[in-house]
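The values are calculated or read from the model by the stated rules, or taken from the named source; none is laboratory data. Worth saying up front: this structure is predicted, and the values here are computed from it rather than measured. Every residue, glycine among them, receives a Cβ derived from its backbone with ideal geometry; neighbour counts consider all protein chains shown. With ligands, DNA and RNA removed, areas are computed over all heavy atoms of the protein, side chains included. Shrake-Rupley method; radii C 1.70, N 1.55, O 1.52, S 1.80 Å.
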Amino acid sequence: MTTVNPRVSRTRLIRLTWPVYGYAFFEEFILLYPLYALLFTENGLTVTHISALFVLWSLTSVLLTVPAGALADLVSRRHLLATAPLLTGSAFALWSLLPSPWVFALGFVLWGAAGALSSGAFEALVYTELDHHEATDAYPRVMGLTRALGVAAVGVATLVAVPAMTHGGYLVIGLASVTACLLCSVCALALPEHRVRERDPGDEPGYLQTLRSGLAEVRHNPRVRPALLLVVLVSAFWGVLEEYVPLLARDAGVPVQSVPLVVLVVWTGVTLGGLSAGPLSRLPSLALAALMTLASPAIAAGALFAGPAGWVLLGFGFGVCQAMMVVTDARLQESITGPGRATVTSLADLGTEALGVTTFLVYAGVFTAMGHGAAFALFATPNLLAALLLARRDG
């Protein structure tokens with residue numbers, strides 16, 4: 001692992017981190033997040049229609065993630081990151097000004113394409129810039145804080161959306177969301193970018209060669225494959241379960257007006273997990289495996305027994321998963337040696353997205369048969385497999 005160069009000035013790292021943190025915050029500071037489902041229903045869409053839109057959104061992301069990752073290894077990652085929120089902002093503007101089923105569908109295609117453009121490019125740019133300053137040891141800390149800021153932004157946006165909706169309706173909500181996307185794009189343009197060119201300008205690889213290079217690294221680099229698998233296993237399942245926390249709380253008898261308090265407790269754990277990623281990244285793999293092993297019963301027990309202690313346990317389990325998501329991403333970045341960093345990272349995102357979509361589909365059947373608590377307990381068990389893979393790194 002590359003260590004932090006003591007000669008690297010704090011100013012140079014701040015030059016990278018402040019736009020990274022700004023990008024992470026404004027990307028998630030979207031006032032439409034807690035309200036767009038209501039916007040759809042008020043314009044005549046049923047639950048089936050909305051589910052179809054979610055599938056369209058996921059399919060767009062799945063189809064474009066790896067091709068966009070390869071593009072990020074060929075062209076400016078900063079410009080791709082600046083373009084992504086403009087596509088998302090365009091979607092929100094269309095929804096607010098021309099609400100209709102087909103416009104909603106177009107918006108989800110634009111949003112899915114935006115997610116694909118930033119997939120792989122963001123992590124690759126941050127890691128490459130830290131490597132340029134011989135400071136890759138800071139990557140888990142930077143990305144942990146980045147993820148924590150994203151969680152905080154969602155919470156703040158949700159709080160702000162209530163008075164904004166009361167006084168201005170969907171038009172103000174949409175305008176604020178588009179403004180956040182524009183600010184996110186400005187932060188991307190402020191990112192530094194030092195791309196290492198190993199060839200003469202006239203001998204640059206084409207798109208297909210870049211794509212094949214990234215795929216070949218996954219096939220032939222024995223360190224990349226388990227690192228990529230770990231990212232997928234650690235990220236996919238809890239990322240699905242957190243969407244069902246409000247329903248779990250309501251199913252456990254929590255009054256509707258108190259459900260936000262349950263979500264706040266759980267997401268406090270997630271935020272703390274992101275902030276702890278830096279220190280945890282310095283622990284040996286066996287210690288990380290032990291933490292991941294604890295996360296599985298914590299999520300299961302928290303969901304099954306509910307109550308105040310249960311929500312704290314659930315927050316702890318999700319917080320561990322958040323921290324491990326950052327740590328395993330850092331290990332994936334360390335294992336990549338070729339020029340296809342964004343392509344390889346986008347493959348991890350593709351695996352996470354595909355497994356997440358499958359989990360959403362299976363969850364519905366498990367919930368119907370067993371309820372939310374049992375479904376949470378079932379989908380917490382893959383964390384044990386992730387813990388086993390982590391332990392084998394020191395074996």
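Figures for the structure shown
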item	result
The listed residue being surrounded by fewer than 22 Cβ atoms within 10 Å (Cβ to Cβ), closer than 30 Å to LEU125 by Cβ and not small (Gly, Ala, Ser), out of LEU304, LEU261, LEU294, LEU283	LEU283
Odd one out for GLY315, checked against (1) crowded, with 24+ Cβ neighbours inside 10 Å; (2) out of contact with any Gly (no Cβ under 6 Å at 6 or more places or on another chain); (3) not hydrophobic (A, V, I, L, M, F, W, C)	(2)
Restricting segment 69-103 to residues that are in a loop (DSSP other than H, G, I, E, B) and in contact (Cβ under 8 Å) with a residue 12 or more places away in the chain, the residue that is nearest to TYR36 (Cα to Cα)	PRO99
Segment 33-82, residues that are among the hydrophobic types (A, V, I, L, M, F, W, C) and open to solvent by 50 Å² or more (accessible area, probe 1.4 Å)	LEU38, VAL47, ALA52, PHE54, VAL55, LEU56, TRP57, LEU59, LEU63, LEU64, LEU71, VAL75
Failed item, numbered, when THR210 is tested on (1) farther than 27 Å from THR271 by Cβ; (2) surrounded by fewer than 20 Cβ atoms within 10 Å (Cβ to Cβ)	(2)
TRP102, sole failed condition from (1) among the aromatic types (Phe, Trp, Tyr); (2) open to solvent by less than 20 Å² (accessible area, probe 1.4 Å); (3) over 19 Å from the mean Cα position of the chain (by Cα)	(2)
Checking ALA124 against (1) within 27 Å of HIS194 (Cβ to Cβ); (2) more than 18 Å from the chain's Cα centre (by Cα); (3) open to solvent by less than 10 Å² (accessible area, probe 1.4 Å), the condition it does not meet	(2)
